[in-house]
Structures are given as structure tokens and as C-alpha cells.
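Only one structure is covered here, and it is reproduced in the block below.
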Amino acid sequence: REAATDMASRPGSSHRTASPCRVSEAVGRREMARIAAGTAFVASATEVRADAPPRTSLKLVSVKGGLQSQWTNEFQNLAKPSLKVNTMQSNSLQEVYEALVAAKDPSEMPKLQALVGKKRNASNVASQAWSADAITLGDAWMGDAIRNGLLLPMDGAENSSWFKRLSPRWQALVRRGADGRLDPTGKVYGAPYRWGCTMMAYRRDKAARFGGPPTDWDVLLRPELKGKIGFVESAREFVGAGLKTLGLPYNFEDLNRLTPCLQSNGSAAQTVDILHERLKLLRAQVRMFDNKNYLQALGDGEIWVAVGWSSEVIPFAERTPKVEFAVPASGTSLWADMWCVPGGATGGSGGTGPSPLLDRWIDFSLQPGRMDSSRGIRTGGSPLMLHKATQLECPPMPPSRVKDKSPGMQGGTTPKPEIIGKSEFLLPLSGTAIQQYRKALTVESTV
């Protein structure tokens, strides 16, 4: 789930299959009554700027399965029938990002056309994304998008109700400098609306042959699993798994810093070599790197363990006999879907910037009543589930009838708080780190 300059082929959207949560009718009625009582719900949104032209629509670009029509219909009904929410769907997050790139640099249009296929017009796809009020973008793509001038900051977001509702960890994640890197004094460039994690799926009927259900990353190195592992096509996830097998975190700005962790007096070159050898060993275990068919290969028994994203893994396991899932005990990587403002947004005053309705839409998306903890992260959890100031931990789960048969999980589909507390969002890498990671990745398969 990271941008191309972070050395990954961008995965498709199949790993994000539905909106973060659903609202019961009772909660919906209470929310309607509360908002209806506040006459400023729509009025203030359209009067944020005195010179703002009358708005009759909000333009959103999401990925397939990333936004339920229920959400947009409720928002439209709560606002005013004359206000329309126009939604467009892209096939993948990569498509959204490449659409922004092509809109700013037409020489990139052939690349976008190859991505969207012959049945769709790349120019139209690029135009829709570039002029929207908000687009869906993965958190790890924000750095590249900001650095390349593809996004606008959300001016005044730090004073909004929805921003204050987020935990400090979330607030820190969306504050970025002009270089796209985390900056505690930077501007707000995104609003999270769902999250998930990287996890392992495995064949229950084969687990005894490789030592039992996987509980941590070192399982991937067991000799019985050579040629029996599938991985999403993501270099950051693969390198991250290698680092975790060494007892180290996913994020390292400079591999030179690994030296004190791994050896008392080794050189930086030796440190890179250590990671290189670990990745070589891990690569020999992997049968396939694939974003579309790796889970099906697991279901067919071609592989016994698959490493992928929760919004793909959990639904697949729930509908596939003999497949279970687990979250590594030492922690994993986290991902988040964000609402971001494209650089060519035209819904604001004078045809620049987003519609003044956008702030209300985000606030609507992040209402506490929309946090359905019982669904866990099956299709993406509400950011409000991660509420601690210093750790990413879930609030107490309601009583569940689901037996926690999956290692590292509670309530069936939510990682245990202690594991989430050890987990990390994938942060932008420096140029030095990218070069070192590329060197460490120069491994040859022996499968």
C-alpha cells in the first residue's frame, strides 16, 4: 500500500471491498434528529465563504467497493434534496493516483490509458479525478502526491470538529510538509475514513505440516513452507516482513541505523548485507507475488500461507473452507484510506479548491455513530476505533459470540490491542533509504 517511489507496484482495489461500517436504523434516526435540529448543517457549509457560488453538488472519486451508496444517500437526505452527491468509482488506488499524475502531466496519459483499458477514456478519468472535491487515496501515497503537487492542503481542517475527533496519532499522520513527510507543524492533507492491516491467511488443513497456525513473522522462514507462500506485490511489505523476522520494525529511514540493533561493531555495509541475506532466504520461500490471484491460489491449495491486506483476507477466509487468518504477534503494518483534495478541485469559490460541503461530508463520515466495532476491520474499521494518544489501540470490544480462533484477533475480526500498539503505518522513505532498500532487494529466487 505504498507509492511507486517507495519501490512498490501499486495493488489494485480488490483489497478494499466495502465501506468502513454500517449504521443501524436506530442510530441513523438519532443522527437525523440531531442534525435536523442544527439548522446550520447545510447553511454553514454553503456559507463558509461569502463569495462562494451556490453549490448543488459534491463530487467524490472513490475506488470500487470503497463507498456505499447508503452513505451518500443519507448525507444527501440529511442535507437537502436539491444538493446532489456525485460519485465516480475508479478500479484501484493506483488508477486514482495515476489519473492525478496524467492530469498534471499529459505526457503520462498513455500510462493511464494502459491502466484503465480500451473501454474507458483516460482523459475523462484524469479530468474527473483532478476536478473532484475529494478523491480516495491510501495514506502511504500521500507523500508522493504532495511532493509532486497533486494535492491541496485542507485549509482550516485543524479547527474542524472531525479533526479534533481524531486521536493525536491520526492527526500526526495527516499533517505533512511540502516535501510530503510527516511534520507536526505541517498542513492537513487528508481525512482518514477507514483502516486495516497486513495479515496472514493459511490453510487450516496444512498447518500441522509447518508447525501449527502462524503466530508471528518467523513462521515464513520454516523450511516446510519453501515454495508454499504467496505475497501481495509490494516491496515495502516484503522488506517489512524481512525486518520483522529480524525483530525490527517496518519503518527505517536509514539501514545504517540497523547496525547497533544487529551487531555490536558491524559496518553499515554489513548491515545491508544482513538484510540482503534475510530477504534472499525469505524470497526463496515465496512462490508468487501477486495482487489478484494469491488468495485463490491459497484456496486451491497451491500455496499454504498468504500475506495480504485485511479487507481482502478476512472476507476470503470467511467464505472459503479450510482457510483461516492471523495477525503477527510482534506487530504488522497498518493502512488507511483518506479523503484528499486534488490539485485541480473546482468546487470552491471562483472555481478553485473543494466545495465548502466537503468539510460537512467528512464530519458526517466520522460521526461516532458510524463506528461499528462489531464488524472489526473486515471491510475497514472506523478511525475512531484507534483512540489512544500514544498507541494505536482499540477501545474495549462489546461481548461477542465469535470464538477467537484466529491468532492475534479479538471479537473475531479485530486485532488485539497489544498487537495494534506494536504496529506501524508505512511512512515515506528518504532517498537514501530507497537506495539502500533497493540494494537489499537485489535477490534472486531459488524457487
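Shape call for segment 116-159 from the C-alpha gyration tensor, a ≥ b ≥ c root eigenvalues: rounded (a/c under 1.5), prolate (a/b greater than b/c) or oblate? Let's see the in-between values first.
On the way: a/c = 2.73, a/b = 1.95, b/c = 1.40.
Here segment 116-159 falls in the prolate category.
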| task | Using the charge dipole of segment 215-255 (Lys, Arg: +1 at Cβ; Asp, Glu: -1 at Cβ; taken about the Cα centre), state which of A235, L246, L220 has its Cα farthest towards the positive end. | result | L220
| task | With a Förster radius of 56 Å, plug the Cβ-Cβ distance of L246 and N77 into 1/(1 + (r/R0)^6) and report the FRET value to the nearest 0.05. | result | 0.60
| task | Provide the FRET efficiency to the nearest 0.05 for the E302-L182 pair, computing r from the beta carbons and using R0 = 51 Å. | result | 0.80
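Computed over the Cα atoms of segment 303-366, what is the convex hull's projected area averaged over all directions, in nm²? Walk me through the intermediate numbers first.
Numbers: hull surface 30.1 nm².
Its Cα hull, projected and averaged over all orientations, spans 7.5 nm².
First select every other residue whose beta carbon is under 11 angstrom from the beta carbon of A345; then total the charges, Lys and Arg +1, Asp and Glu -1.
Around A345, the surrounding residues sum to 0.
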| Separation of segment 154-181 and segment 335-379 by C-alpha centroid, Å? | 13
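How many percent of the accessible area of segment 154-222 is carbon or sulfur, using a 1.4 Å probe?
About 46 percent, which is the carbon plus sulfur part of the accessible surface.
Working with all protein chains in place, sort R176, R438 by solvent-accessible area computed with a 1.4 Å probe, largest first. Write down the numbers at each step before the final one.
Values: R176 5, R438 110 Å².
Putting R176, R438 in descending order of accessible area: R438, R176.
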| note | Cα-Cα longer than 25 Å, checked against K64/K416; K280/K322; K164/K187; K104/K187, kept in input order, equals K64/K416; K280/K322
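The values are calculated or read from the model by the stated rules, or taken from the named source; none is laboratory data. Quantities reported herein were computed from a predicted structural model and do not represent experimental measurements. Glycine gets a Cβ as well: all are built from the backbone with ideal geometry, and neighbour counts include every protein chain shown. Surface areas here come from the heavy atoms of the whole protein model, side chains and all, with no ligands, DNA or RNA. Shrake-Rupley method; radii C 1.70, N 1.55, O 1.52, S 1.80 Å.
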